[in-house]
Amino acid sequence: MKKLITENDVLNLIKSGLTELVVGKDYVISPLALDRIKQNKIRIVSQSSAATESMALANTKIAIGSDHTGVNAKKVLFDHLKKKGFDVIDLGTFTEDAVDYPDIAFNVANRVKIGEVGFGIILDATGIPSCITANKIPGIRAATCYNEFSARSSREHNNANVLVMGAKALGDETLKSVADVWLSSKFLGDRHQRRLDKIKAIEEKYLKS
C-alpha cells in the first residue's frame, strides 16, 4: 500500500526545522506537498541514500575533550556516540582536577585542523571560552550550540567543524540531542559558501599582516 505524503506532512517538517524529506519507494507525494517542497527548497532523499549517508557518517572519526567542569558530561557523550557507531577519540581531561581550557580546546581543534579527525566536540562550563580558543586556529569553525536549532544552523549555514557545549548549562539529554542533530546535519553551500568565503578572506588578511 502506498503511503501518501501530504502538504501538512511537509509543513510539519518545515516547522521542525528540517531541510530533508526521506521517502521510500512506496511513498507518493501529493501535488500540494510538492509545491511546498519546491517553495521551501526541501531536499528529497531516498531511504537507501539516507542509510548510506548514515553509514558514512558513522565512519567519521570524532575527537572529544573537556576541561574539569565537563568530565562527567564528556563521559556521557563519549558512551552515547560510541553506541551509535562513531569512532571517538577521548583527549581528556579525565579527572575533576582543575586544568586550563585552552589546552584542551587547542588539542581537539588541532586534530580537526591536521585532518586526523573529521569533527571535534569540546565541553567546558558554558561552551564559550573553548569556542573562542578553537576559533584562533585558521580553518576551524567552532560553534557554541545550546539547542537543536543552533546545532542544525551551525552545520547547514556555517559548516562548523567543531561543536562546543556548556556542561554546566545543558543537561545530559540535551547534550546528546544537540550532538546528534549537529552530526547528522550537512552544509547547504550556495549563498552560505559565499559568506564563508568572506570570513576566510578576513582571516587571511590578518594572517598576512
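No lab work stands behind these numbers, since they all come straight from the coordinates. On a predicted model such as this, the values are computed, not experimentally measured, just so you know. Heads up, the Cβs are rebuilt from the backbone with ideal geometry, glycines too, and the neighbour counts pull from every protein chain shown.
Shown here is the pair-distance distribution of the stretch 53-209: with all Cα-Cα distances grouped in 5 Å bins from zero up to the longest one, the shares run 2, 10, 19, 23, 23, 13, 7, 3, 1, 0 percent. Near Ile89, the amide H atoms lying under 5 Å from its own belong to Ile62, Ala63, Ile64; only residues 5 or more places off or on other chains count, and H is placed 1.01 Å from N. Here the stretch 126-166 was treated as a single set of alpha-carbon atoms; its pair distances binned every 10 Å from 0 give 35, 55, 9 percent.
Fewest-first ordering of Val28, Val10 by other beta carbons within 10 Å of each residue's beta carbon gives Val28, Val10. Each label point was placed 7 Å from the Cα along the Cα-to-Cβ direction; for Glu7 and Lys75 their separation is 5.3 nm. Which lysines, on any chain, are close to Lys198 with Cα under 17 Å apart, when same-chain ones fewer than 8 places away are left out? Straight-line reach from Lys198, under 17 Å: Lys136, Lys208. Over all pairs of different C-alpha atoms, the stretch 152-209 has a mean inverse distance whose reciprocal, the Kirkwood radius, equals 13.0 Å.
Rounded to the nearest whole Hz, the Karplus-based 3J(HN,Hα) values (6.51 cos²θ - 1.76 cosθ + 1.60, θ = phi - 60°) of the stretch 75-83 follow the sequence 4, 4, 5, 4, 5, 4, 5, 5, 5, with x at glycine and proline.
With a threshold of 25 Å on the Cα-Cα distance, the over-threshold entries among Lys74/Lys200; Lys82/Lys200; Lys15/Lys74; Lys74/Lys186; Lys3/Lys38; Lys41/Lys61 are Lys74/Lys200; Lys82/Lys200; Lys15/Lys74; Lys41/Lys61. Shown in residue order for the stretch 107-113 are the 3J(HN,Hα) couplings computed by the Karplus curve 6.51 cos²θ - 1.76 cosθ + 1.60 at θ = phi - 60°: 4, 5, 5, 5, 4, 5, 4 Hz (x for Gly and Pro). Think of each Lys and Arg Cβ as +1 and each Asp and Glu Cβ as -1; about the Cα centre, that makes the dipole of the chain roughly 880 debye. Net length available on complete extension from Asp87 to Glu116 is 9.3 nm, with 0.36 nm assigned per residue and the Cα-Cα distance removed.
Remark: spin-label model distance Asp172-Ala201 equals 4.8 nm, labels positioned 7 Å along the Cα→Cβ axis.
Straight-line cross-link reach from Lys2 at under 12 Å between alpha-carbon atoms covers these aspartates and glutamates, not counting any fewer than eight positions away in the same chain: Asp26.
Candidates His80, Phe106, Ile5 compared by Cα position along the dipole of the chain: farthest toward the positive end lies Ile5, with charges placed on Cβ. Dimensions of the stretch 54-138 based on its C-alpha atoms, expressed as ranges along the principal axes with the largest first, amount to 36, 30, 17 Å.
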